Amino acid sequence: MKIGIDKIGFFTPHLYIDMNKLALARKEEPEKYTIGIGQDEMAVAPITQDPVTLAANAAFNILNDDDKKAIDFVIFGTETGIDHSKSAAIYVHHLLGLKPEARSIEMKQACYAATAAIQLAKGHIALNPDSKVLILASDIARYGLNTPGEVTQGAGAVAIVISANPRIMALEETSTYQTDDIMDFWRPVYSDTAYVDGKYSNEKYISFFSSVWNTYKEKTGLGLSDFEALCYHLPYTKMGLKALRTIYDEGTEADKERLVDYYQTSTTYNRRIGNIYTGSLYLSLLSLLEQKPLKDGSRIGLFSYGSGAVGEFFSGILQPDYREHLFIDKHMELFAARQEISIPEYEKIFEEVLPVDGSSLDLDVTKDPAPICLAGIKDHMRQYINKK
Ligand code: COA
């Protein structure tokens, strides 16, 4: 039985900044941000969007009534969760009106958790072929104003439906993975922003990629030429290119050209949204699938990395007419409706955070065009609304 991605969509807040302008404000050359880092724009989350609303908006855009009847497992991958105890999946389950006969959990391992969720979902569908699993990968990446990591922030979510006989991509059986206890990036429970050893995280990303890629080749007997395209976890778009460069001479000149060309396509949305942590790999996959037609039956390789660290390489085969099941128009509308804000406006929004002393708060949701918003906090409980 084929199991894989039946639907996939994303959501990002309506505000963004231009990275050329951020570079000038930080007294850097714009090319450092746009070429050296590889980011053109960065999504900014208003206070009325949190990881729950971003995920709920992503899923709200793609689910129909049949999906809602079939989904009996909701897995929420995030590293910016809103509660130490209750899973973010339950809020989304409620906001979307999913059936009560479902499991709902949250998973965490930096930017890797959605990949673990996909593997768990595969097992669930193998045992329950008529059901569907909803996977949410949602984060707001915050390193802090005037930090080296500032240019690699962003906000957004990807929603994925995993099912039997998937219409977009059938996942292949073999995947290779690795864990090592390292401190390249982490966020202690008392901190709103991440701690990171940026250069070390780049090195570890590459070494994990090398390790799982080599093991994958040994296990499967496949090589570079068997892949039409490779997608990478993209904390910033230059990162995946650095990893691709370590292997692109393993094939022919034509393989190299094809992989570099598709790689550029696979960075399209990430360049405009920034780092969305857990969802970044899947935003890259969406960029590739939606921005360039690939042949049915193409094999796509995916490299997932979550600092701390876990890495995994796996693959999928594109299904016949997969493009008919994408939400390209909706995603283009989302980009077209975004508003650019100035750097001082972004700094003001960045510093506007929810109270941490237990006090209540009402938020004005009228300025946020998203259907699902955070309307405030009352008695220590976040208040969500769905305007539609
Ligand atoms: N034109 C073109 N490129 C330029 C440039 C210019 N004017 N100025 C600098 N660059 C290039 C540098 O050569 C470098 O490229 P390279 O990495 O290919 O060598 C790149 O821009 C970044 O410059 P660097 O000086 O290394 O930036 P930095 O010290 O500000 O740090 C990160 C960059 C990514 C380490 C930092 O943003 C960070 O810590 N991010 C968070 C961690 C992260 O995302 N890790 C990824 C793994 S999960």
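Assorted remarks:
- Alpha-carbon centroid distance for the pair the range 7-55 / the range 312-336, whole angstrom: 22 Å
- Within the chain, longest stretch clear of exposed GluC sites (Glu not before Pro) (DSSP loop, no more than 14 other Cβ within 10 Å): 251-351
- Largest to smallest principal axis extent of the C-alpha atoms in the chain, angstrom: 58, 53, 40
- If you count Lys pairs in the range 170-321 whose Cα atoms are under 27 Å apart, skipping same-chain pairs closer than 8 places in sequence, the total is 24.
- Entry note, the range 40-181: relative contact order of 30 percent, from Cα contacts under 8 Å with a spacing of 6+ residues.
- Calculated FRET efficiency, Met332 to Thr174, Cβ-Cβ distance, R0 = 25 Å: about 0.10 to the nearest 0.05.
- Taking the centroid of alpha carbons for each part, the range 124-183 and the range 225-295 are 16 Å apart.
- Potential lengthening between Met381 and Asp83 on full extension [0.36 nm per residue; Cα-Cα distance subtracted]: 106.3 nm
- Expected 222 nm ellipticity per residue - DSSP helices of 4 or more, -39500 (n - 2.57), all of the chain, to 500: -10000 deg cm²/dmol
- For Leu354 and Thr252, a Förster radius of 41 Å and the Cβ-Cβ distance give a FRET efficiency of 0.15, rounded to the nearest 0.05.
- Residues of the range 122-155 falling in the label zone of Lys27, defined by backbone nitrogen less than 14 Å from a point 7 Å along Cα to beta-carbon, are 146-147.
- In the range 170-321, inverting the average of 1/r over every pair of distinct C-alpha atoms gives 15.8 Å as the Kirkwood radius.
- From phi via Karplus (6.51, -1.76, 1.60), per-residue ³J(HN,Hα) for the range 138-143 in Hz, x at Gly/Pro: 9, 7, 10, 8, 10, 10
- Sorted fewest first by neighbouring Cβ atoms within 10 angstrom, Ser104, Ser304 come out as Ser104, Ser304.
Rule-based calculations on the coordinates, nothing more; no lab input. All of these numbers come straight from a predicted model, not from anything done at the bench. Every residue, glycine among them, receives a Cβ derived from its backbone with ideal geometry; neighbour counts consider all protein chains shown.
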